[in-house]
Amino acid sequence: MFNLDGVRDHYRATGLTERLKAALAVFGPEDSLLTTQQLGALDQFHTRGLAATAELAELAGVTGDMSVLDAGSGVGGPARFLAATYGCSVTGVDLSEAFVDAAQYLTMRTGQADQATFETGDVLNLRFDEGRFDAVLLQHVAMNIPDRPRLYREMRRVLKRGGRFATYDIVSNAGEPNYPLPWARTPATSFLLTAEATREAIEPAGFRTLVWRDDTEAAKAWFAQRRASGPPPSPNLGVVMGPDFAQLAANLGRSLLERRLGVVSAVFEAL
Ligand SMILES: C[S@@+](CC[C@H](N)C(=O)[O-])C[C@H]1O[C@@H](n2cnc3c(N)ncnc32)[C@H](O)[C@@H]1O
């Protein structure tokens, strides 16, 4: 039976908050407020970074009066972006204690602690009551989760009827991807589905498709631009995931280019 330890190990990030404190000194003293843009290269842990989060939120129709769940919230960049842009309240849940600690620290540094909160938890087994949220975001998380029907049922359970489920994920295409990858160093913690199988797992959980968009070409263009423009600005996700992160990201770029993987953005209505 699958256990979460392998995935947890991948995102263990020992000493992360201390590393972030040191890296963020380039932006000024601890008591100066940081912006979403300053953090964008290190706190948006998915293909196409901040632009992808902004597009997904737009597609999902997020508004200021919503209560939003960011499932698998990483170090909290998407949650902070939503809170800053729309004024909504966001709850982030993540498996990695180090990531949750870092998310809380970064949110204190952006002055958003009242609007965006973070806690440790498993998105397959959330502590929230049924119908607690108006919208749920799931960005680059499902590929770490083998039991997709259960994942999508849990996303549906915590959503109000008529609420929005917005997902942005990597899908399998032709052949094995090139490991190590940003979410898994080996196939043991990678659980990819094709685009078609992903949709077939989501709809029966109680969802109607509103938007289904193949973002593979946009993702390939983003990686091509990164390759052309040299090393990413500092500090970046290397601080979070370690010095080999550039190689993991390059392997994802290559897997997309070779059509082994694809990227999909989708929004569903909870029925
Ligand atoms: C690639 S990161 C994406 C983080 C964030 N969604 C973002 O886009 O910036 C994947 C995240 O999913 C989290 N994760 C994986 N499996 C999880 C689970 N079962 N429950 C909660 N979080 C999980 C990891 O800890 C990690 O933070």
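Taking the Cβ of GLY76 as the centre, find all other residues whose Cβ is under 9 Å away and add up their charges (Lys, Arg: +1; Asp, Glu: -1).
Values: positive: ARG80; negative: ASP43, ASP70, ASP94.
Summing Lys/Arg as +1 and Asp/Glu as -1 gives -2.
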Query raised in the report: Under the rule of -39500 (n - 2.57) per DSSP H run of 4 or more residues, summed and divided by the residues of the chain, what mean residue ellipticity at 222 nm is obtained, to the nearest 500 deg cm²/dmol?
Result: -11500 deg cm²/dmol
Query raised in the report: Which residues does a label at ASN125 reach in region 146-162, if reach means a backbone N under 20 Å from a point 7 Å past the Cα toward the Cβ?
Result: 146-159
Query raised in the report: Quick one: which of 84-95, 133-144 comes out on top by average Cβ neighbours within 10 Å, and what's the full order, highest first?
Result: 133-144, 84-95
Query raised in the report: Given Cα pairs under 8 Å that are at least 6 residues apart, what percent is the relative contact order of region 133-271?
Result: 39 percent
Query - Volume of the Cα convex hull of region 164-264, divided per residue and given in Å³ - result: 122 Å³
Query raised in the report: Over region 31-166, with a single point scatterer placed on each C-alpha, what log10 of the ratio I(q)/I(0) does the Debye formula yield at q = 0.09, 0.21, 0.22 1/Å?
Result: -0.22, -1.33, -1.46
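Give, in whole angstrom and from largest to smallest, the semi-axes √(5λ) of the equivalent ellipsoid of the chain, with λ running over the eigenvalues of the Cα gyration tensor.
Details: eigenvalues 129, 110, 61 Å².
In descending order the semi-axes read 25, 23, 17 Å.
Per 0.36 nm of contour for each residue apart, how much would the distance between LEU271 and LEU4 grow if the chain were fully extended, relative to their Cα-Cα spacing?
Values: separation 267, 0.36 × 267 = 96.12 nm, distance 2.98 nm.
Result for the pair: 93.1 nm of gain on full extension.
Computed from the coordinates by the stated procedures, all read-outs in this text should not be read as laboratory data. In this text the structure is predicted, and so the values were computed from the model without any measurement. Virtual Cβ from ideal backbone geometry, glycine too; neighbours counted across all protein chains shown.
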